[in-house]
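> Would you mind keeping the following structure in view while I ask a few things?
The values are calculated or read from the model by the stated rules, or taken from the named source; none is laboratory data. As the structure is a computational prediction, the values presented were derived from the model and not from experiment. All Cβ positions, even for glycine, are placed from backbone atoms using ideal geometry, and neighbour counts span all protein chains on display.
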Amino acid sequence: MVRIGLQISANLENIDSLETNHPDYPFFVKIKCSNCGEPSDKWHDITESERMQASAEARNPEGFNFYMKCKMCGRENSIDIVEKTNSPYTHEDAGKFKTIVVFDCRGVEPIDFSPRNGWIVRSAENGQTFEDVDLSEDDWVEYDQKNKESVGVYEFASQFVKVKK
């Protein structure tokens, strides 16, 4: 079992926080089998509020947030989102990487992340809250009617890091 944190970095304009619609946000990742090294060619979504069952003799009767068999080596792999590890990315974090969620990985590791839509942006100084924000273009710009100023997320980037328990 390896714990891997998803870290994001972005420049924020007039924004207090950027966060996922937890626990219903689908994290879209590409993965790699830890046994044979085979990378996936498609995106897989991992959502904390959703659980799937493996085979009848599964290691976990409660199911997993993500489960698959490797096409190359046949190994059974799973990923679970570690409870209470979701955290917002705030204006204090802007410009540097911060872990926003931790995955408990068994036999597979995430190697790429696609942010897509479902983000919540809270603008600065009690401004507007924007829901279902789409970050698939790595930049997002809107106008805060309450504060009468532009708000934006720029230069969105992500990386995965191994974390200690």
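> Is there a residue being in a loop (DSSP other than H, G, I, E, B) and either within 24 Å of Gly37 (Cα to Cα) or in contact with a His (Cβ under 8 Å, 6 or more places away or on another chain) (or both) anywhere in the range 121-133? If you could, list the steps in order and put the result at the bottom.
The initial filter retains those residues of the range 121-133 that are in a loop (DSSP other than H, G, I, E, B), namely 124-128.
Right, trim to either within 24 Å of Gly37 (Cα to Cα) or in contact with a His (Cβ under 8 Å, 6 or more places away or on another chain) (or both) and you get 124.
Scanning the range 121-133, I find at least one residue that is in a loop (DSSP other than H, G, I, E, B) and either within 24 Å of Gly37 (Cα to Cα) or in contact with a His (Cβ under 8 Å, 6 or more places away or on another chain) (or both), so the answer is yes.
> So for the range 116-135 (the condition being among the small types (Gly, Ala, Ser) and loosely packed, with under 15 Cβ neighbours inside 10 Å), does at least one residue qualify?
Filtering the range 116-135 down to residues among the small types (Gly, Ala, Ser) leaves 118, 123-124, 127.
Next, only the ones that are loosely packed, with under 15 Cβ neighbours inside 10 Å stay: none.
Among the residues of the range 116-135, not one is among the small types (Gly, Ala, Ser) and loosely packed, with under 15 Cβ neighbours inside 10 Å, which makes the answer no.
> Go through the range 1-23 and report how many residues are under 22 Å from Trp140 (Cβ atoms) and either among the polar types (S, T, N, Q) or modelled with pLDDT under 95 (or both). Give the steps one after another, and end with the answer.
Our first condition is that a residue be under 22 Å from Trp140 (Cβ atoms); within the range 1-23, this holds for 6-22.
Applying the additional criterion that residues be either among the polar types (S, T, N, Q) or modelled with pLDDT under 95 (or both) yields 7, 9, 11, 14, 17, 20-22.
So the count comes out to 8.
> Could you say which residue among Asp112, Asp41 is in a strand (DSSP E or B) and either loosely packed, with under 14 Cβ neighbours inside 10 Å or of a type outside the set (Phe, Trp, Tyr) (or both)? Step through it out loud before you land on a result.
Details: Asp41 fails: in a strand (DSSP E or B).
Only one candidate qualifies: Asp112.
> Based on what the data block shows, is Ser158 surrounded by 13 or more Cβ atoms within 10 Å (Cβ to Cβ), small (Gly, Ala, Ser) and at pLDDT 95 or above?
yes
> Would you pick out the residues in the range 54-73 that are modelled with pLDDT under 70, surrounded by 14 or more Cβ atoms within 10 Å (Cβ to Cβ) and in contact with a Ser or Thr (Cβ under 8 Å, 6 or more places away or on another chain)?
Ala54
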